[in-house]
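Read through the structure below, which is laid out as structure tokens, and then see the notes.
The values are calculated or read from the model by the stated rules, or taken from the named source; none is laboratory data. Computed from a predicted structure; not experimentally measured. Cβ placement follows ideal geometry from the backbone for every residue including glycine, while neighbour counts extend to all protein chains displayed.
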């Protein structure tokens, strides 16, 4: 199948835009690769420190002819998605020995749960934790004793941070190892209904707690299609997981077999063998375009609009919002997974999952088939699905058809002709909107603005009954420079109630929303942010704001707008408590949301 013209054009545009940066990056990592396996150049004293506690593996490590695999783990048992990683190092070390290799935990990286910090001060550390994870990865890998690396991470900022860190060691082959989603709990729409009932006072906290615990009930990733599961999709589309690995439940024989296979594959693709696959070579413009296509086809999390530019830049690739928007225009929405539908990721996986979707998109010419992957050359390997046959892991052709067309449809008969992510621009700045879960009649909202500087103020106004007519709720001073750009997901039940009362409602913010948010139109990541004197800082209560997701515009209809003074806000309270004082350097140096909101580049 010929590559779609728009996909080819966007890829060429990214390649041309990135030529200098990518060329310098490749020169650096190739020079590092030519130096050979790093630990062979260490002094004896250096090596003795590295191997002192390795017991039966000491001899192999000293010999230096067998690959040594570094494990970067984001294990903690605060995150259900990461709790299964507790036992992975032992499993990995045994699998490494079986594959003629050794493995060591190189280091751990922090992993915070946005579900725990949602609507709390701790959420203001969330986005910056991505950069901390990248830095911690760099520290872990700096011992320079590894021929390959395994990255254990799932959730929101963890995978992007690990990618950024892995790209800094781009000469090292790297395989990302998932933990899988928890089994299905109560339906997501039932949970959402209880949240809205609690917001209006119809049910008490006991009923809310019952619903939440029935939804988040065991080990594994939360089952809605939020940022964590979008990350897992990306790792498969970008060729960094083994085929079919993303959505296999934890603590199952197949899950363990896939982890063992990841170890064997990492050992096979080092420079000591004949199939050297450095991760920096895999992370090229084709991989990132394939990731963007997967994001649109699945209706994935808007948080990746922040993360992908930062991930790509770490590998010398420059992405822009126009790349997201142009790809969205030609990639059909093939999946309906909550919040875009009633199904969860387990239902999606059972219906055919990523293997079916990748096959369809390849056949439609919407993916680069020649992209490099950890599994081998070409993305067609990812059409396959893993199975345990008599206790042995095998990859077999997928079914080639959807098993539930209410959840997963062919590219030629998709739920929508486009991916549902639109770039917005106008006199209020640049931002994005995800419309895949927004009813078509709400793609254009024009209403008076109501201005707020934090989430609690919106909720208090709601409780006082102040929202009685159509409104564009503007929550400004929520960008990365102001307070670390927390998710505003706790506003979703409130705004959804207003919408269900018949009001035309939209949110406009320089903050971000959760990957699980959807049915209320939201212009997010608006840049430049208010704290940098951006246009949102000149808005006033009552200004007529027009959000047009069809035309891709975000404007205030006020003749004197350009001549107004920007307001300022007292942001001193954002700098203290819950560890926020430690992140002043990050807030001071962070870039625009449109460029990935990173403090590292």
Inset, instruction - Could you tell me whether residue 78 is at negative phi, buried (at least 19 other Cβ atoms within 10 Å of the Cβ) and either modelled with pLDDT under 95 or touching a strand residue (DSSP E or B) at 6+ places or on another chain (Cβ under 6 Å) (or both)? - result: no
Inset, instruction - Have a look at 493, 448 and point out the one that is surrounded by fewer than 24 Cβ atoms within 10 Å (Cβ to Cβ) and not in a strand (DSSP E or B). - result: 493
Inset, instruction - Scan the stretch 1-46 residue by residue and report those that are at pLDDT below 90 and surrounded by 18 or more Cβ atoms within 10 Å (Cβ to Cβ). - result: 37, 38, 39
Legend entry - Residue ranges of strands (runs of 3 or more DSSP E) in the stretch 329-441 with at least 3 members closer than 26 Å to residue 513 by Cα: 421-426, 429-434
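Every residue, every condition in (1) closer than 19 Å to residue 150 by Cα; (2) free of Cβ contacts under 8 Å to residues at least 24 places away in the same chain, yes or no:
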site	(1), (2)
208	no, yes
211	no, no
227	no, no
262	yes, no
266	yes, no
272	yes, no
Inset, instruction - Return the residue satisfying two criteria in turn: it lies in the stretch 182-197 and is within 15 Å of residue 498 (Cβ to Cβ) and in contact with a helix residue (DSSP H, G or I) (Cβ under 7 Å, 6 or more places away or on another chain), and of such residues it is surrounded by the fewest Cβ atoms within 10 Å (Cβ to Cβ). - result: 196
Inset, instruction - Please name all residue pairs, on different chains or six or more residues apart, with Cβ atoms under 8 Å, provided the first residue is in the stretch 173-198 and is on the phi > 0 side of the Ramachandran plot and the second residue is surrounded by fewer than 16 Cβ atoms within 10 Å (Cβ to Cβ) and outside any helix (DSSP H, G or I). - result: 180/252
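I'd like to know if the stretch 267-277 contains one or more residues that are within 23 Å of the chain's Cα centre (by Cα), at pLDDT 95 or above and either over 26 Å from residue 303 (Cα atoms) or not in a helix (DSSP H, G or I) (or both).
Step one: list which residues in the stretch 267-277 are within 23 Å of the chain's Cα centre (by Cα), which gives none.
No.
Residues are listed down the side, and each one gets a yes or a no for (1) surrounded by 20 or more Cβ atoms within 10 Å (Cβ to Cβ); (2) touching a helix residue (DSSP H, G or I) at 6+ places or on another chain (Cβ under 7 Å):
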residue: 345; (1), (2): yes, yes
residue: 360; (1), (2): yes, yes
residue: 371; (1), (2): yes, yes
residue: 388; (1), (2): no, yes
residue: 394; (1), (2): no, no
residue: 408; (1), (2): yes, yes
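Picking from 84, 89, 110, which residue would you name as being under 23 Å from residue 133 (Cα atoms), in the same structural domain as residue 311 (by TED's automatic domain parsing) and surrounded by fewer than 16 Cβ atoms within 10 Å (Cβ to Cβ)? Walk me through it before giving the result.
On the way: 84 fails: surrounded by fewer than 16 Cβ atoms within 10 Å (Cβ to Cβ); 89 fails: surrounded by fewer than 16 Cβ atoms within 10 Å (Cβ to Cβ).
Of 84, 89, 110, the one residue that is under 23 Å from residue 133 (Cα atoms), in the same structural domain as residue 311 (by TED's automatic domain parsing) and surrounded by fewer than 16 Cβ atoms within 10 Å (Cβ to Cβ) is 110.
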Inset, instruction - Please work out which residue is surrounded by the most Cβ atoms within 10 Å (Cβ to Cβ), limiting yourself to the stretch 51-66 and to residues that are at pLDDT 85 or above and not in a helix (DSSP H, G or I). - result: 66
Legend entry - Residue in the stretch 424-440 that is closer than 23 Å to residue 6 by Cβ, without any contact (Cβ under 8 Å) to a residue 60 or more places away in the chain and surrounded by fewer than 16 Cβ atoms within 10 Å (Cβ to Cβ) present: yes
Legend entry - Out of 124, 86, sole residue that is within 24 Å of residue 164 (Cα to Cα), free of Cβ contacts under 8 Å to residues at least 40 places away in the same chain and in a helix (DSSP H, G or I): 86
